[in-house]
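J.: Before I ask anything, here is the structure I am working with.
We did not get these values from a lab; they are worked out from the coordinates using the rules stated. If you're wondering where the values come from, they're calculated on a predicted model, not measured in any experiment. Here the Cβ positions follow ideal geometry from the backbone for every residue, glycine too, while neighbour counts run over all protein chains shown.
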Amino acid sequence: MSKIFIISKRQIQLFIVVAALIILTGVYLSWDRSREVSGQASEARVIQLVTGEYKTETADGKELEVYRWDPGTIIVNKGEAIELQINGVNGNSHPFVVEGLGLRGEVTKGKTTIVRFTAEKAGTYPILCLTHTDMRNSGPMVGYIVVQ
Ligand SMILES: [Cu+2]
């Protein structure tokens, strides 16, 4: 005994509509995912820094102390959105400026200072602590933002 299937024109149309809906749903979902990924890519790149300290004692008992940004040099791309998260570890207070980028702020012990910027011009921009400026003032506490 054999079975004969009769497929009507209407069933073929229904099948095409269902197949098209499945394909469109798949395309939409993958497009939606790729949009999320590119959304993440356009957010600022986070770079973490800490305030560090070198401390030692000379042979005659004199204490030497120098504060530093760590890492001392960060490299970013021109036009790239950057978020610096500077964590205060050593030293109570570090008021700072970044010459050429118009940035200023203060990093205090146990807190995170957030600085956002997008550099439009290539160059090297010093991060200067206004308290620890040179060896006599427990510095130089200077770091560099290199924009390439
Ligand atoms: Cu400082």
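J.: Can you list residues whose amide H is under 5 Å from residue 119's amide H, if they're 5+ apart or on another chain and H is modeled 1.01 Å from N?
T.: 79, 80
J.: Another question, if that's okay. Against the longest alpha carbon principal axis of the chain, how many degrees, from 0 to 90 and to the nearest 10, is the axis of helix 9-41 turned?
T.: Computed tilt is about 0 degrees.
J.: Sticking with this structure for a sec: How far apart, in nanometres, would the label points at residue 70 and residue 142 be if each is projected 7 angstrom from Cα along the Cα-to-Cβ direction?
T.: In this crude spin-label approximation the distance works out to 2.1 nm.
J.: Sticking with this structure for a sec: Show the residues, 5+ positions off or on another chain, whose built amide H is closer than 5 Å to the amide H of residue 89.
T.: So residue 89 has HN proximity to 51, 110.
J.: In deg cm²/dmol, rounded to 500, what helix-only [θ] at 222 nm does the chain give when every DSSP H run of at least 4 residues adds -39500 (n - 2.57) and the total is split over its residues?
T.: Values: 1 runs with 33 residues, N = 148.
Result for the chain: -8000 deg cm²/dmol, rounded to the nearest 500.
J.: By how many nm would the segment from residue 46 to residue 77 lengthen if fully extended, with 0.36 nm per residue of separation less the alpha-carbon distance?
T.: Details: separation 31, 0.36 × 31 = 11.16 nm, distance 1.29 nm.
Result for the pair: 9.9 nm of gain on full extension.
J.: In sequence order, what are the phi-derived ³J(HN,Hα) couplings for segment 113-125 according to the Karplus relation 6.51 cos²θ - 1.76 cosθ + 1.60 with θ = phi - 60°, rounded to whole Hz, with x for glycine and proline?
T.: Once θ is set to phi - 60°, the couplings for segment 113-125 become 9, 9, 10, 10, 7, 9, 7, 9, 10, 5, x, 10, 10 Hz.
J.: Shifting gears a bit: How many times 2.2 N^0.38 Å is the alpha carbon radius of gyration of the chain? Intermediate values should be presented prior to the final figure.
T.: On the way: Rg = 29.3 Å, N = 148, 2.2 N^0.38 = 14.7 Å.
Scaled against compact globular proteins, the figure is 1.99.
J.: Could you pull out every one of the aspartates and glutamates with an alpha carbon less than 14 Å from that of residue 55, ignoring same-chain neighbours closer than 8 positions?
T.: Once the sequence-local aspartates and glutamates are set aside, what remains near residue 55 is 63, 65.
J.: Got a sec to turn the phi values of segment 126-142 into Karplus ³J(HN,Hα) couplings, 6.51 cos²θ - 1.76 cosθ + 1.60 with θ = phi - 60°, whole Hz, x for Gly and Pro?
T.: Calculated HN-Hα couplings, in order: x, 9, 10, 7, 7, 8, 9, 8, 8, 4, 5, 10, 6, x, x, 9, 10 Hz.
J.: Here's another thing I want to ask about it. Taking a virtual spin label 7 Å from the Cα of residue 62 along the C-beta vector, which residues in segment 104-148 bring their backbone nitrogen under 11 Å of it?
T.: 136
J.: Could you derive backbone 3J(HN,Hα) for segment 80-91 from the dihedral phi with the Karplus parameters 6.51, -1.76 and 1.60 (θ = phi - 60°), listing whole Hz in sequence and x where the residue is Gly or Pro?
T.: 8, 6, 10, 10, 8, 10, 9, 9, x, 10, 9, x
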